[in-house]
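As structure tokens, the structure follows; a few thoughts come after it.
The values are calculated or read from the model by the stated rules, or taken from the named source; none is laboratory data. Computed from a predicted structure; not experimentally measured. Virtual Cβ from ideal backbone geometry, glycine too; neighbours counted across all protein chains shown.
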Amino acid sequence: MDTNQKVALITGITGQDGAYLAELLLSKGYKVHGIKRRSSLFNTDRIDHLYEDPHTADPQLILHFGDMTDSMNLTRIIQETQPDEIYNLAAMSHVKVSFDTPEYTANADGIGTLRILEAIRFLGLEEKTKVYQASTSELFGLVQAVPQKEDTPFYPRSPYAVAKMYAYWITVNYREAYNIFASNGILFNHESPLRGETFVTRKITRAAAKIALGLQDKLYLGNLDSKRDWGHAKDYVRMMWMILQAEKAEDWVIATGVTTTVREFVKRAFEFVGYTLRFEGKGVEEVGILEDIDALKYQEATGNILQTYQLNQIGDTIVHVDPKYFRPTEVDLLIGDATKAYKKLGWTPEYDLADLVNDMMEADVALFLRDLYLKEGGHKILVQAE
Ligand code: NDP
Ligand code: GDR
């Protein structure tokens, strides 16, 4: 066993960011411990390719059962693993769902962070263990100023954002009070083929792929006007690591500086499979109509000859607004200014929005081609994801 080997503990390792971060840290030679929740079904899909049999001599990835709402469990895991770095990524991370589960969200996302910090203090690890807290652009909420940067005032607009605001400030407080190396990464939206299926980008790329392959005919969305600064999760997990390698603990905005409407994201995703969408109408009446199909692009993307599978004709309405996806309070506009991280940490993202859409669409077309083969073989296929 290498005694100089760095040890990391990732909460939320089964999520989008946890999976990419685990891969990154393993590639850097870390021993990686991860906390996963007990569930009635396997929930490790995103990290199965990294899995090592725990019976091997010195596994580099080790999973522990745990939960952000269980102090004793978290304290025991930290005591046993003695991590050099903790990446606190676990959270009930869906903004809309937080309106349905506000108390649980406060407990897991807000007090959960306190539990980690307090365990470090309780175990006397203040000088050893660095902490990365997964803070969010949702803290900026109701627009106060744009682009949003480290000193832009917060105005959270959901139980999720309010819980994350507590987590943000308790991280700052433990840094100042106990000298723990604890940093907030204020990350703007970041997506990937591993993105949860109910976040808007993945919902769109899945639907565009399925519609092109004739496995679905319509997509229902909420607010098409909202604007997000979308980056790629692979670029953002690299930043998490860089934030903990910085000279001192600080808080950092990570963003691309480009903002895009949900509507524009829809258009771009459908363009990948050769569909041109035209939007007309306003509010709940707005629809996305299929205006044109580029047969060559469709064939390149799906590997299928047009008309073999696709259900839609030019002039069909493909996108509808369903108010059930509206939020009681919305965050209308996010656009970040990551100058501090660019300058002080030397961060340069590898993916822009076009690369992100391509990456997600390629993965979802490949995924649903499998469904298409199953369907051809006579199996029943789920029609609508959400
Ligand atoms: P995901 O929703 O994909 O992953 C969340 C992870 O947290 C999952 O592993 C989930 O487990 C776990 N989790 C949820 N609740 C608990 C709990 N009570 N105890 C233990 N584990 C729990 O989120 P992302 O990977 O996208 O995001 C990672 C973090 O970054 C989150 O804290 C999120 O709020 C924050 N963030 C994300 C941004 C983004 O755009 N992706 C932007 C800014 C911040 P399970 O798999 O079992 O559900
Ligand atoms: P967000 O991501 O709330 O920004 O939080 P999400 O993809 O859920 O929503 C982005 C925007 O799209 C609008 N929208 C829809 N959203 C969903 N989920 N489903 C829809 O059908 C739909 N239609 C329109 C939303 O109203 C919103 O304006 C994400 C999460 O990863 C958080 O954990 C993280 O902190 C922030 O990003 C930064």
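Here are some notes:
- Near pairs, Cβ below 6 angstrom, 6+ apart or cross-chain, from the stretch 104-122 (among the small types (G, A, S)) to any residue that is within 16 Å of ligand 2 (Cβ to nearest atom) and outside any helix (DSSP H, G or I): A108/M68; A108/M92; G112/M68
- Odd one out for D371 among (1) part of a helix (DSSP H, G or I); (2) charged (D, E, K, R); (3) modelled with pLDDT of 90 or more: (3)
- With respect to (1) of a type in the set (A, V, I, L, M); (2) within 29 Å of N43 (Cα to Cα); (3) within 15 Å of ligand 1 (Cβ to nearest atom), the lone exception for V253 is condition (2).
- Pick from the stretch 92-131, criterion part of a loop (DSSP other than H, G, I, E, B) and of a type outside the set (A, V, I, L, M, F, W, C), ranking: nearest to L244 (Cα to Cα): T129
- Residue in the stretch 178-191 that is aliphatic (A, V, I, L, M), within 30 Å of A366 (Cα to Cα) and either within 11 Å of ligand 2 (Cβ to nearest atom) or under 19 Å from the mean Cα position of the chain (by Cα) (or both) present: yes
- K227 away from ligand 1 (no atom under 12 Å from the Cβ) and more than 23 Å from A338 (Cα to Cα): no
- The residue list A269, A233 contains one member that is in contact with a helix residue (DSSP H, G or I) (Cβ under 9 Å, 6 or more places away or on another chain) and under 22 Å from L139 (Cα atoms), which is A233.
- Some residue of the stretch 140-157 being within 29 Å of Y30 (Cα to Cα), modelled with pLDDT of 95 or more, buried (at least 20 other Cβ atoms within 10 Å of the Cβ) and of a type outside the set (S, T, N, Q): no
- Subset of the stretch 342-366 (residues that are more than 17 Å from A233 (Cβ to Cβ) and not hydroxyl-bearing (S, T, Y)): K343, K344, L345, G346, V365, A366
- Some residue of the stretch 127-141 being farther than 21 Å from G12 by Cβ and away from ligand 1 (no atom under 15 Å from the Cβ): yes
- Of all residues in the stretch 43-95, those satisfying the criterion of being more than 12 Å from ligand 1 (Cβ to nearest atom) and in contact (Cβ under 8 Å) with a residue 60 or more places away in the chain are I78, T81, Q82, P83, D84, E85, I86.
- Taking (1) at pLDDT below 95; (2) within 16 Å of ligand 2 (Cβ to nearest atom) in turn, A57 satisfies each apart from (2).
- Filtering K210, K203 for residues that are within 15 Å of ligand 1 (Cβ to nearest atom), closer than 30 Å to D322 by Cα and basic (K, R) leaves a single hit, K203.
- Residue list for the stretch 45-89, filter: assigned to a helix (DSSP H, G or I) and under 12 Å from G12 (Cα atoms): R46, I47
- Total residues in the stretch 7-28 satisfying the condition of being over 15 Å from the mean Cα position of the chain (by Cα), farther than 14 Å from E85 by Cα and among the charged types (D, E, K, R): the figure is 1.
- If the condition is being over 14 Å from M92 (Cα atoms), touching a helix residue (DSSP H, G or I) at 6+ places or on another chain (Cβ under 8 Å) and among the polar types (S, T, N, Q), then the stretch 139-168 contributes only Q148.
- Criterion applied to Y30, Y20 was being assigned by TED's automatic domain parsing to the domain that holds I62, near ligand 1 (Cβ under 10 Å from one of its atoms), crowded, with 16+ Cβ neighbours inside 10 Å and not aliphatic (A, V, I, L, M), and the one residue passing it is Y20.
- Any hit, the stretch 179-188, residues being β-branched (V, I, T), more than 20 Å from T105 (Cβ to Cβ) and either modelled with pLDDT under 95 or surrounded by fewer than 18 Cβ atoms within 10 Å (Cβ to Cβ) (or both): no
- Residue that is nearest to the chain's Cα centre (by Cα), among those in the stretch 79-100 that are β-branched (V, I, T) and more than 20 Å from Y168 (Cα to Cα): V97
- For the stretch 140-159, the criterion of being within 11 Å of ligand 2 (Cβ to nearest atom) and within 15 Å of the chain's Cα centre (by Cα) is satisfied by no residue at all.
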